[in-house]
Amino acid sequence: MANLKDIQRKIKSVSNTQKTTRAMKLVSTAKLRRAEELAKRSRLFAEKTNQVIQQIASQIECYKSGGIENRCFAQIDEPKMVDIIFVTADKGLCGGGIEFFNYNEIEMLDTVIGLSSAPDMERSSEFIEKSINDYKDGKIDGVYIVYNGYKNMITQELHVNRILPVDTTDYECGDNNQKSMLEVEAEDQEKMLDSLMNKYVEYNMYYALIDSVAAEHSARMQAMDSATNNAKEMVKSLNVQYNKARQEAITTELIEIISGVESMK
Amino acid sequence: METLHLEIITPSGLIFNGQAAEVTLPGEEGEFGVLPHHASLTTQLQPGVIDVQMEDKTVQSIVVNWGVVQVDEEKVVCLVDGAVAISGESESEIAKALDEAKKLISDVSDSNVAIASVSAKIESAAHGLM
């Protein structure tokens, strides 16, 4: 019977899909472990760098010390134009991302492909350099990074980080944490702050990338896990259908045989 | 004995986290030592060697290529780009660390004098261990 064959074919195709999704899940799990490890190790550096920068910024803000004038620490009350950097997944099967911009016809200033799946300090620095320079030149009033961060195996967290100008809200003037005034010991403080600032921005960019990779893998792992489960369910219900159809065919055949015998009596 | 808390952090993780009696850092304007209760200070590091004197007087050397150090009364936080600790159980391990450290320095520094002076320092630190 054609119907039986159809169902059989369907079962086979669904279980093949299931095999693929399960394999993809395993791959993602393995990749996630590595990405998670990397993100964990880098988190500390990112946090410390931010702490140091914020402390410097707040001290500059509080004491107006040393006549340091650096746009990175300026307070801009009404930003006119800002750079917003979105870190999304390069590959699919882990939820929407870049498609959102395409569907909503949002124009992108610049797109980099292949960076978020393989974060690389050099390439990310190259990318963010333009924003830093634009900011320093006064073309833009802020730089934001939006990315999905890794929280744990099953949840991701959306981060919207303002990296420029430096956020000083965590530190209040006259805070007890600041036991003594900032003393920048360098021939030209500006240069030191400048290179520290660049490192800070570059590192934040890089960290956003690796954190987002970890989140991407965890999202894909989850998506593939539920796809595998769905396939399993589907095979189950198709099996029931198949058995029913088979039983039906047998019953029809039996009726045919019996009625044949009956008519010969 | 009074100690200070020292943290040396690189993008790939924590290199050193613990108590130290004294730290010598390669500052932009020359080497400087930090003892407990040092006044607050933030400065840039140049490629060089961080010497950490532990509580038991042993010295550990860590080679760094670029960094910023923040010193306050209780702790010293070094944020560095790359770092290699000159340590190891056997001579071959020390020699390996030595090679890595030299590579780290020669990658960032273009002045031969600087490379030579750092190399000499690393070698003497390594000989102390062997």
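Coordinate-derived values only; no laboratory data. Everything numeric in this text was worked out from a predicted model, so none of it was measured. FYI the Cβ positions are ideal-geometry reconstructions off the backbone, even for glycines, and counts take in every protein chain you see.
Give me a comma-separated list of calculated 3J(HN,Hα) values for region A:208-213, in order, Karplus coefficients 6.51, -1.76, 1.60 applied at θ = phi - 60°, integers in Hz, x for any Gly or Pro.
Karplus values, whole Hz, x for Gly and Pro: 4, 5, 6, 5, 6, 5.
At most 10 other Cβ atoms within 10 Å and a DSSP loop assignment: could you name the GluC sites (Glu not before Pro) in region B:19-106 that fit? Numbers along the way, then the final one.
Working: sites: B:GLU22, B:GLU28, B:GLU29, B:GLU31, B:GLU55, B:GLU73, B:GLU74, B:GLU89, B:GLU91, B:GLU93, B:GLU100; in loops: B:GLU28, B:GLU29, B:GLU55, B:GLU73, B:GLU74, B:GLU89.
Sites meeting the loop and neighbour criteria: B:GLU89.
Based on the alpha-carbon gyration tensor of the protein assembly as shown and its eigenvalue square roots a ≥ b ≥ c, which shape applies: rounded if a/c is under 1.5, prolate if not and a/b is larger than b/c, or oblate? Spell out each step's value before the answer.
Values: a/c = 3.38, a/b = 2.13, b/c = 1.58.
Taking the square roots of the gyration eigenvalues as a ≥ b ≥ c, the protein assembly as shown is prolate.
Just rank B:ILE115, A:ILE53, fewest to most, by other beta-carbon atoms within 10 angstrom.
On the way: B:ILE115 17, A:ILE53 25.
The most exposed by this proxy come first: B:ILE115, A:ILE53.
Run the quick spin-label model on A:GLU233 and A:ASN198: label points 7 Å from Cα toward the beta carbon, then report their separation in nm to one decimal.
It is 5.4 nm.
Tell me, what is the FRET efficiency for A:TYR144 and B:GLU123 to the nearest 0.05, using R0 = 35 angstrom and their Cβ-Cβ distance as r? If you can, show how the numbers build up before the last one.
Values: r = 48 Å, r/R0 = 1.36.
After rounding, the FRET efficiency stands at 0.15.
Can you tell me the length gained on complete extension of the stretch A:VAL82 to A:THR29, counting 0.36 nm per residue apart and subtracting the Cα distance? List each step's numbers first, then the result.
On the way: separation 53, 0.36 × 53 = 19.08 nm, distance 3.65 nm.
Contour length minus the Cα-Cα distance gives 15.4 nm.
Rounded to the nearest 500, what is the protein assembly as shown's calculated 222 nm mean residue ellipticity when only DSSP H runs of at least 4 contribute -39500 (n - 2.57) each, over all residues? Intermediate values should be presented prior to the final figure.
On the way: 6 runs with 196 residues, N = 395.
About -18000 deg cm²/dmol.
Along the charge dipole of chain B, pointing to its positive end and built from +1/-1 on Cβ of Lys, Arg, Asp and Glu, which listed residue (B:PRO11, B:SER119, B:GLN44) has its Cα farthest out?
B:SER119
Please list, in order along region B:29-41, the HN-Hα scalar couplings obtained from phi with the Karplus expression 6.51 cos²θ - 1.76 cosθ + 1.60 (θ = phi - 60°), rounded to whole Hz, x for Gly and Pro.
Ordered by residue, 3J(HN,Hα) equals 9, x, 5, 9, x, 10, 10, x, 6, 5, 5, 4, 6 Hz.
Suppose R0 equals 41 Å. What FRET efficiency, 1/(1 + (r/R0)^6) with r the Cβ-Cβ distance, do A:LEU109 and A:LYS19 give to the nearest 0.05?
On the way: r = 42 Å, r/R0 = 1.02.
Once rounded, the FRET efficiency stands at 0.45.
Would you mind computing, in nm to one decimal, how far apart the modelled labels at A:ASN3 and B:GLU73 are, each placed 7 Å from Cα along Cα→Cβ?
With each label point 7 Å from Cα toward Cβ, the separation is 8.6 nm.
Using the alpha-carbon atoms, what tilt in degrees (0 to 90, nearest 10) does helix B:91-108 show relative to the longest principal axis of chain B?
The two axes meet at around 80 degrees.
Loop-only trypsin sites (Lys or Arg not before Pro) in region B:1-105, please: DSSP not H, G, I, E or B, and at most 16 other Cβ atoms within 10 Å. Show your work: numbers first, answer last.
Details: sites: B:LYS57, B:LYS75, B:LYS96, B:LYS102, B:LYS103; in loops: B:LYS57.
Here the sparse-neighbourhood loop sites are B:LYS57.
Mind running the shape call on chain B? Use the C-alpha gyration tensor, a ≥ b ≥ c as the square roots of the eigenvalues: rounded below 1.5 for a/c, prolate if a/b tops b/c, oblate otherwise. Don't skip to the answer; put the middle values down first.
Details: a/c = 1.77, a/b = 1.27, b/c = 1.39.
Oblate shape, in that a/c is at least 1.5 and b/c is the bigger or equal ratio.
Measuring from label point to label point, each 7 Å out along Cα→Cβ, what is the A:ASP120 to A:LYS244 span in nm?
With each label placed 7 Å out from Cα toward Cβ, I get 5.5 nm.
Rank the residues A:SER13, A:SER117 as a footprinting-exposure proxy: fewest other Cβ atoms within 10 Å of their Cβ go first. Numbers along the way, then the final one.
Working: A:SER13 12, A:SER117 15.
Going from sparsest to densest Cβ surroundings: A:SER13, A:SER117.
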